[in-house]
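To keep things clear, I will list the structure first and then write my remarks on it.
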Amino acid sequence: MSIKSILSDRINNLSESATLKMTKLGRELAAKGVNVISLSVGEPDFNTPDHVKEAAKVALDQNYTRYSPVPGYPELRQAIVNKLKTENNLDYDISQIVVSTGAKQSLSNVLMTLINPGEEVIIPTPYWVSYSEMVVLAEGKSVFIDTEIDQDFKITPAQLEAAITPKSKVFMFSSPCNPTGSVYSKEELAALVAVFEKYPDIYIISDEIYEHINFVDKHESIAQFDSIKDRVIIINGFSKAYAMTGWRLGYIAANKEIAAANDKMQGQTTSGTCSISQRAGIAAYEGGLSSVNEMKAAFERRRQLVYDLLNDIPGVKTNLPQGAFYFFPEISSFFGKKDLQGNVINNSADLALYLLNEGHVATVGGDSFGNNNYIRLSYAASDDSLKEALRRIKEALAKLN
């Protein structure tokens, strides 16, 4: 006789975040005295800019310590509106902006307000690990469009159209992409928009959190196309560009009906996000992009470093990402091989665990991102750490036979 779980089906059907799991395992190994280099977490290794931290201190002194408005302080929402206009040439007003406790909550809010049970969310693979699990929570169904390294992990209009069914409600993607670093050009987005124009009931969630960490001419948002702008929900935030991961500050820009629905949803869950973080966010957006550009330059240098080192490892295939701070190399040539204890590497999760235990480098298996033949490496680490990590990876992989 089986014992019924006291937990809901909702939580029992939910997978643990693979990135957080590998980070946790790495920390546990480090706590035992092992020198672990973590390339698993999606977090800039830079400090929050000083002018942003100073704004938080001033906010404390000015007693910004009470409940904030659910969709965010008007001054922050206006700063976001100004940013969207000056940096992206997009017109919004503050009624279309909802600030949340990180872009992750923004994504979850949008899916919960748009998806009915059984409706489909189209997601290109590889995708950020939480996308599909958020769809599970919203009782929707994920429909995946597979991509590979040879196409720089970007879908074609034909693939998009083939995935659309009468149940399709949302298309969700990121550019620059986590985990691949792929960036859609304006021309590539326009080709996808031509498909969306045929299907007016499909909404587009555009995750642009890595907007400023791109190594092409400039960031292109799919919201720039007037024919579909009213159906686009931009997800963005402060964590990556301003090294503000712990401040938990993200937002959406959407049509007024969707924005109001997210305001309503948030009002019954978390209410307004941290008041101090919001004041810091205003300073971030009003303080210019100098710190952002300095960080971007460092990432671009590291990208080339890791690209060269990965290409020096037999059996590893990689492309050169155009944005974010990840590589997503193809590692399936190691499947079926054994470690020195005779354990077989069956999949990417096995390989990631092997690299942690043997090489003491934390990575994340590609299965959690929707493609088992890859692993994700973050290069948000110092040059010396990256050199040592790639040396360890190369040495560990050479031991497999």
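Could you work out the relative contact order of region 274-386? I mean the mean sequence separation of Cα pairs under 8 Å and 6+ apart, divided by the number of residues, in percent.
21 percent
Among Thr65, Thr156, Thr147, the sequence by solvent-accessible area, most first, with a 1.4 Å probe is Thr65, Thr156, Thr147. Per-residue 3J(HN,Hα) values for region 306-312, derived from phi via the Karplus relation 6.51 cos²θ - 1.76 cosθ + 1.60 with θ = phi - 60°, read 5, 4, 5, 5, 5, 5, 8 Hz in sequence order (x marks Gly and Pro).
Eigen-decomposition of the gyration tensor built on the alpha-carbon atoms of region 176-246 gives equivalent ellipsoid semi-axes of 24, 14, 9 angstrom, largest listed first. When its C-alpha radius of gyration is set against 2.2 N^0.38 Å (N residues), the chain gives a value of 0.99. Accessible area per residue for region 34-145, computed on protein heavy atoms with a 1.4 Å probe, is 44 Å².
Taking only the C-alpha atoms of region 268-316, the Rg (one decimal) and the largest Cα-Cα distance, Dmax (whole number), read 18.9, 53 Å. Percent of C-alpha pairs per 5 Å bin in region 286-353, short distances first: 3, 14, 19, 16, 14, 11, 9, 6, 4, 2, 1, 0.
Largest first, the extents of the alpha carbon coordinates of region 107-204 on the three principal axes equal 34, 29, 19 Å. On a per residue basis, the convex hull of the C-alpha atoms belonging to region 171-291 measures out at 129 Å³. For region 346-401, which trypsin sites (Lys or Arg not before Pro) are both in a DSSP coil and crowded by at most 14 other Cβ atoms within 10 Å? The qualifying sites are Lys399.
Ignoring ligands, DNA and RNA, what percent of the accessible area of region 155-262 is carbon or sulfur (1.4 Å)?
Within region 155-262, the accessible surface is 52 percent carbon and sulfur.
Beyond 22 Å, what share of the Cα-Cα pairs of region 45-190 is found? Please give it as a whole percent. When every Cα pair of region 45-190 is considered, 56 percent fall beyond 22 Å. In region 246-401, the inverse of the mean reciprocal separation of distinct Cα atoms equals 18.5 Å; this is its Kirkwood hydrodynamic radius.
Charge tally around Leu351: other residues with Cβ under 11 Å, Lys/Arg +1 each, Asp/Glu -1 each, net -3.
For region 105-150 and region 306-327, compute the distance between their C-alpha centroids and round to whole Å. If we compute the Cα centre of each part, the gap is 27 Å.
Two numbers describe the Cα atoms of region 1-123: Rg and Dmax, which are 20.7, 64 Å.
Projected onto their three principal axes, the Cα atoms of region 124-175 cover extents of 33, 25, 15 Å, largest first. Of the trypsin sites (Lys or Arg not before Pro) in region 50-122, the ones in a loop by DSSP (not H, G, I, E or B) with at most 15 other beta carbons within 10 Å are Arg66.
Here, region 222-319 has an Rg and a Dmax of 18.8, 53 Å when only alpha carbons are counted. So which of Lys154/Lys186; Lys85/Lys296; Lys296/Lys394; Lys53/Lys218; Lys218/Lys240 end up more than 20 Å apart, counting from Cα to Cα? Beyond 20 Å between Cα atoms: Lys85/Lys296; Lys296/Lys394; Lys53/Lys218.
Exposure check, 1.4 Å probe, all protein chains in place: Lys21 carries approximately 100 Å² of accessible surface.
The values are calculated or read from the model by the stated rules, or taken from the named source; none is laboratory data. Predicted model only: the values in this text are computed from it and were never measured. Cβ atoms come from the backbone with ideal geometry, glycine included; neighbour counts cover every protein chain shown. With ligands, DNA and RNA removed, areas are computed over all heavy atoms of the protein, side chains included. Shrake-Rupley method; radii C 1.70, N 1.55, O 1.52, S 1.80 Å.
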